[in-house]
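Here is the structure we will look at, set down as structure tokens.
Taken together, the values in this text are just the output of simple stated rules run on the coordinates, not laboratory data. Quick caveat: nothing in here was measured; it's all calculated off a predicted structure. Cβ placement follows ideal geometry from the backbone for every residue including glycine, while neighbour counts extend to all protein chains displayed.
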Amino acid sequence: MDDPPATDRLRALLRDGEYDAASDGLARVMDADAAVRRRALNALRDLADDRPGAVAGVAAAVVPFLTDDERSFRLGAAKLFAALADADPDAVRPVADALADRLRDDDEFYFVRARCAEALGYVALDHPDVASPAVLADLRVGLEFDEPEVRERLAQALECVALGDPNRLRNHAGALAGHLDDGSERVRYHLASALVAVATEHPERLADAADALADRLSDDRVHVRGRAAEALGLLARADTDAALPVDGLADAMDDEAFVAERARFALPAAEDGDAPADVGTLAGVRRTTRAAVAEMTAPDGECQHCGLALPASGGPPTCPRCGAPR
């Protein structure tokens, strides 16, 4: 397969659903020089943005990019799998082991591991079995020491695991609660959401997390405060001796709507309205979590050197466009 025609041919094969021929072409591309491999991978990523279903049929053929000698190819492949898993978890399920291998490689570039964790999380929403004990261990251990950008994706993956099957994390609630004071608001948010998911089926498991959740009622981020109140509301419905922060929840009734609704859920004796019907449910977390993350990562500034819009938190420590420190 020669290039540049190879790239156009690859796109055409994928658009026409000729997955076997496209996979054969990708196998030949892997033996080509870096420029040809880069064009092929970029073509896959561009197509996945517009038509993820067209790339789903060659997911296995993309796996060799995850172990390419060049870091940029490994990162590009990990991003591709994350985007594809978000759109079509079934397509990525067969290659979950390859993603898990990258996640557990301590020598791998941290952004590659972050994207692999993200992809595994999206798959776990529909296929909780990918969260094997080994994968759960990798996700949890990374919360202790990894870079903030990795911890955010690890926490997101743990939230996805809990949403896919709350039973998978029922024995880890205390460990997750231990990171509710993480410096990253996204880590705090995802872990609080994971605890809500666990508590939808096992509210008693949050008994040891009550103090950590109570502390989050004064978090700087509104969505973290709301999730903490929601988790405490589920704990209130469990048969435990855990003491609820009644005063803190009462104060939260005057907070923004996302928090006040969940404080109302936690204090059912309140008389000023009902919480939304899906508060305290898996469906409710799924419905609201993407918007919460979008708000947390919305640009609120720009690079002082090149003017690129930058998110409020998360992202690389340098500007993605010009490389200057943020």
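A compact table of results
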item: Between helix 148-164 and the chain: long-axis angle, C-alpha atoms, 0 to 90°, nearest 10; result: 70
item: 3J(HN,Hα) from dihedral phi, segment 76-83, Karplus parametrisation 6.51/-1.76/1.60, rounded to Hz, x for glycine, proline; result: x, 5, 5, 5, 4, 5, 5, 5
item: Global form of segment 86-160, assessed from the alpha-carbon gyration tensor, a/c cut-off 1.5; result: prolate
item: Positive-end residue of 13, 134, 150, charge dipole of the chain with Cβ unit charges; result: 13
item: Whole-Hz couplings from phi, Karplus 6.51/-1.76/1.60, listed for segment 111-126; x for Gly and Pro; result: 5, 5, 5, 4, 5, 5, 4, 4, 4, 4, x, 4, 5, 5, 4, 9
item: Global geometry of segment 1-154, whether rounded, prolate or oblate, following the gyration tensor of its Cα atoms and the 1.5 cut on a/c; result: prolate
item: Normalised contact order of the chain, rounded percent, pairs of Cα under 8 Å and 6 or more residues apart; result: 9
item: Neighbour-count order for 160, 116, fewest beta carbons within 10 angstrom listed first; result: 160, 116
item: Cβ-placed point charges (K, R +1; D, E -1), dipole of the chain about Cα centre in debye, nearest 20; result: 680
item: The chain: angle of helix 257-266 to the longest principal axis, Cα-based, in degrees nearest 10; result: 50
item: Förster radius 22 Å - calculated FRET efficiency between residue 201 and residue 137 (Cβ-Cβ, nearest 0.05); result: 0.50
item: Anisotropy class of segment 211-262 from Cα gyration tensor, a/c 1.5 cut; result: prolate
item: About the Cα centre, charge dipole magnitude for segment 125-261 (Lys/Arg +1, Asp/Glu -1 at Cβ), debye; result: 340
item: Computed P(r) (all Cα pairs; segment 91-250; 5 Å bins; percent); result: 2, 11, 20, 22, 19, 13, 8, 4, 2, 0
item: Derived scalar couplings ³J(HN,Hα) [segment 282-288; Karplus, 6.51 cos²θ - 1.76 cosθ + 1.60; whole Hz; x for Gly, Pro]; result: 4, 4, x, 5, 4, 5, 9
